[in-house]
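Engineer: So that we are looking at the same thing, I have put the structure below in structure tokens.
Please treat every number below as a calculation from the coordinates, not as lab data. Just so we're clear, the structure is a prediction, and the values are computed from it rather than from any experiment. No Cβ is skipped: glycine too gets one built from the backbone with ideal geometry, and neighbour counts run over all protein chains shown.
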Amino acid sequence: MSPENRDGLIMALCRADISFIVVGGMAAVLQGAPIVTHDLDIVHRRSSQNLDNLLELLANLDARHREQPAGRVLKPTMAEISGSGHLNLSTDLGPLDVLCELERGEGYEQLLPHTDLFSDSGVEFRVLRLEKLIEIKSSSGRAKDRLSLPALLAALRSRPTE
Amino acid sequence: MHSAPGTDGGAANQTLPCDIGENKLDHMKYSETEASSPVTDHEALLERLDRDVVAASYEIDETLIDWLRGLSPLERIEWTLRIARSIEGTHRVP
């Protein structure tokens, strides 16, 4: 497998004992939505220990902001990951968007009830449910978000009933 | 996520150039009876979406969805990344 595989990033996050929720397009793909994306978006728990673990992992993965004014290499900081903004990072394992909160102010604790626990290859991680993703993307004004809705709806509709 | 639904005049407000079967259109019909009936969260969500977006979802290849469901979660990620990389490759300057 290529080192750019995002499952590598998920594995790294899990092995670093970081509490996070996969959101965005990759969350939809994990639930069987046929969309193409190369970003891994996560919302992390902003507890002291979790922030320490996340910052340490980001350092180990040589994470830096993708937007680098005048070629300067900007590393993520504790102030940034403990705030409320979004960090668009490059890492040794590929691009990673670290979201302290979604645009609607929803952080880890608010999103947690809308997640399912996934397990694969010996690790467990939380993924935002399709229903919540659809709700978020349908209230978005971004064309990119709205264009993904048909695929998300189709995946939701074809999901086996329990 | 910066404005209300439908304010961007984007894809959701366009008429789709696809042929949607009669049964599918029937499925999307909305009536007063439905409005007053108890609905699941899923149905409530669908009602909030633009009808054209719902219609477009019927054009998604369900065979592909079934195939994806047969993969493990991490294999699904590998699938989308492979396609993303192949698309990126077509735009890369040699």
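Engineer: For peptide B:62-74, what's the mean number of Cβ atoms from other chains within 10 Å of each residue's Cβ?
Structural biologist: Going residue by residue through B:62-74 and averaging, the value is 6.
Engineer: Evaluate peptide A:130-136: per residue, the Cβ atoms of other protein chains within 10 Å of its Cβ; return the mean as an integer.
Structural biologist: Working: counts 2, 5, 2, 0, 6, 5, 1.
Across A:130-136, the average partner-chain Cβ count within 10 Å equals 3.
Engineer: From the residues A:P34, A:L93, A:A70, which one has its Cα farthest along the dipole of segment A:1-137 in the positive direction, the dipole being from +1 and -1 charges on Cβ of Lys/Arg and Asp/Glu about the Cα centre?
Structural biologist: Selected residue: A:A70.
Engineer: Still on this structure, I have one more. Pick out, in residue order, every one of the trypsin sites (Lys or Arg not before Pro) in segment A:54-134 that is DSSP loop and has at most 15 other C-beta atoms within 10 Å; say none if there are none.
Structural biologist: Answer in residue order: A:R66, A:R72, A:R104.
Engineer: Additional query: Determine the relative contact order of chain A: mean sequence separation of Cα pairs under 8 Å and six or more apart, normalised by residue count, in whole percent.
Structural biologist: Worked out over chain A, it gives 26 percent.
Engineer: May I ask you to order A:12-18, A:77-83, A:135-141, A:150-156 by the average number of other C-beta atoms within 10 Å around their residues, highest value first?
Structural biologist: The peptides rank, most packed first, as A:150-156, A:135-141, A:12-18, A:77-83.
Engineer: Would you work out if segment A:4-76 is rounded, prolate or oblate? Take a ≥ b ≥ c from the square roots of the eigenvalues of the alpha-carbon gyration tensor; rounded if a/c is under 1.5, else prolate when a/b is larger than b/c, oblate otherwise.
Structural biologist: Note, shape of segment A:4-76 comes out oblate.
Engineer: Under the rule a/c < 1.5 gives rounded, and otherwise a/b versus b/c splits prolate from oblate, where does segment A:36-128 land using the Cα gyration tensor?
Structural biologist: prolate
Engineer: Still on this structure: Modelling each spin label as a point 7 Å along the Cα-to-Cβ direction, I'd like the B:R82/A:R159 distance in nm, to one decimal.
Structural biologist: So the two model labels end up 2.6 nm from each other.
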